[in-house]
Amino acid sequence: MQTDVAIVGAGLVGASLARALEASGLNLALLEASAPPARTGAWDERIYAFSPASVAFLDALGVWGALDSERICPVRKMRIYGDNGRSRLEFSAYAAGLDALAWIVESGEVQRALWRGIERQANLKLLFPARPVSLEVGEHWASLAADSGEEVAARLLVGADGAASWLRKAGGFGARSRPYRQQAVVANFACERPHRSVALQFFRGDGILAYLPLPGNRVSIVWSTSEPNAEELLALAPGELAGRVAEAGREQLGQLELITAPAAFPLALLSVNSMLRPRLALIGDAAHVVHPLAGQGVNLGFGDARALAATLAARRPGSDPGEWLLLRRFERVRAEDILAMRWVTDGLQRLFGARWPGVAWLRNFGLNLTDSAPVIKASLVRHAAG
Ligand SMILES: Cc1cc2nc3c(=O)[nH]c(=O)nc-3n(C[C@H](O)[C@H](O)[C@H](O)COP(=O)(O)OP(=O)(O)OC[C@H]3O[C@@H](n4cnc5c(N)ncnc54)[C@H](O)[C@@H]3O)c2cc1C
């Protein structure tokens, strides 16, 4: 088949790009290897903090309104603790004039809502299950053969196929990856005391622990820690793990009870020399992977999808969607956000991982100093809100 735009990967980022191109007048093909997980009623262990900008994007796609509001929790405040037991920094949505700093949502819920939209999208051909096996790029077309037997020739081929992107490798994109030698342990807990929609983050000697509020008296944790420490946490009995997490979180929410089995994800920093090659573009984790300490990976990816859709919508009617100068415009729009997020997340990770004398004092002093500077805090919140 011939199409205007083909997207590899219908994760949150690829699927949102497809939905954002519904009214573009372009024909689309979307290749995906696996369907979203079925709803089980249990709380998903993959939880995301969506920024207000991401929520506005999903709302415009008709996805936000389709989610079950009983499974979404706003973050009204965020409290960050340094590793000396005293320093702290607090952000408040109210002080920044926002309804919420972020919204906590289950990955599966959003994936399923996007998938339902894709299945009935008139300008889209969903190839599922399908994985590309070969790529050929010519002057006017990029062509794929899939393991399902289909062949797709597109004016523009977009890789939204995640951190281990096939298209990034097959397309010859230059990329740098640096493992953090850490894993993020995630799990959900019922808590004894109400969280009051406050997210907590603890910078600790053994890593960074975040408590994200879920509806009701529940929290989801992300504990980024060394590989041996993560393995030790995963091997604990449920009660022991709950005790360790409660203690690491200074028992701010009282006793915890594990409600979903823990899982762990290896962490790395990944960047590409360019998001573009002739006829090819990368978005989402295929183009950039950042440390989850700021909960911004998918927010960055939604920013890519929104910007690429807007760039394609603004082109001359009937013109080539894979035109190089058009795509360069998209890359320029995204460059600053991606660089800033990489710099902030990697910098904070190094700052709180450093063991040199004086650095501990400096980072904790920095937290308190920022806390006493309302103008800096408001500017940080506005930036994170997108
Ligand atoms: C522990 C942890 C916590 C996080 N918390 C947050 C958070 O709170 N907020 C936030 O913004 N971000 C967070 N992130 C980052 C977030 O998970 C990623 O940025 C996001 O999932 C990237 O989405 P994506 O669609 O680009 O890639 P993926 O989610 O990896 O999706 C890729 C899709 O492509 C498909 N695919 C892959 N290869 C192929 C192929 N060869 N052929 C066909 N299909 C293929 C896959 O099946 C999948 O559907 C967190 C990350 C971690 C590890």
>> Give the residue list of trypsin sites (Lys or Arg not before Pro) in region 150-207 that are DSSP loop and have at most 13 other beta-carbon atoms within 10 angstrom.
In response: Arg196
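Any chance you could run the full-extension gain for Ser379 through Phe265? It's 0.36 nm times the residue separation minus the Cα-Cα distance, nm to one decimal. Before the final figure, lay out the partial values.
Values: separation 114, 0.36 × 114 = 41.04 nm, distance 3.12 nm.
Answer, rounded to one decimal: 37.9 nm.
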>> Would any residue of region 317-344 have its amide N under 11 Å from a label point 7 Å out along Cα→Cβ of Val359? List them or say none.
In response: none
>> Given the whole protein assembly as supplied and a 1.4 Å probe, what does the accessible area of His140 come to in Å², nearest 10?
In response: 90 Å²
> By accessible area of protein heavy atoms, probe 1.4 Å, what ranking do Glu136, Glu231 get, highest first?
Replying inline: Glu136, Glu231
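Note down the net charge around Glu150, summing +1 for each Lys or Arg and -1 for each Asp or Glu among other residues with Cβ under 15 Å from its Cβ. Spell out each step's value before the answer.
Numbers: positive: Lys125, Arg131; negative: Glu32, Glu136, Asp147, Glu151.
Result for the neighbourhood of Glu150: -2.
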> For region 29-129, which trypsin sites (Lys or Arg not before Pro) are in a loop by DSSP, counting at most 11 other Cβ atoms within 10 Å?
Replying inline: Arg86, Arg120
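What FRET efficiency do you get for Glu240 and Arg315 if R0 is 51 Å and r is their Cβ-Cβ distance, rounded to the nearest 0.05? Please list the in-between numbers first.
Numbers: r = 57 Å, r/R0 = 1.12.
Result of the calculation: an efficiency of 0.35.
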> Can you tell me the accessible area per residue over the chain, all protein chains present, probe 1.4 angstrom, in square angstrom?
Replying inline: 45 Å²
>> Test of understanding: what is the full-extension gain from Ala66 to Gln2, defined as 0.36 nm times their sequence separation minus their Cα-Cα distance?
In response: 19.8 nm
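The values are calculated or read from the model by the stated rules, or taken from the named source; none is laboratory data. As the structure is a computational prediction, the values presented were derived from the model and not from experiment. Glycine also receives a Cβ, built like all others from the backbone with ideal geometry; neighbour counts cover every protein chain displayed. When the accessible area is computed, the model is the full protein with side chains, heavy atoms only, and any ligands, DNA or RNA have been set aside. Shrake-Rupley method; radii C 1.70, N 1.55, O 1.52, S 1.80 Å.
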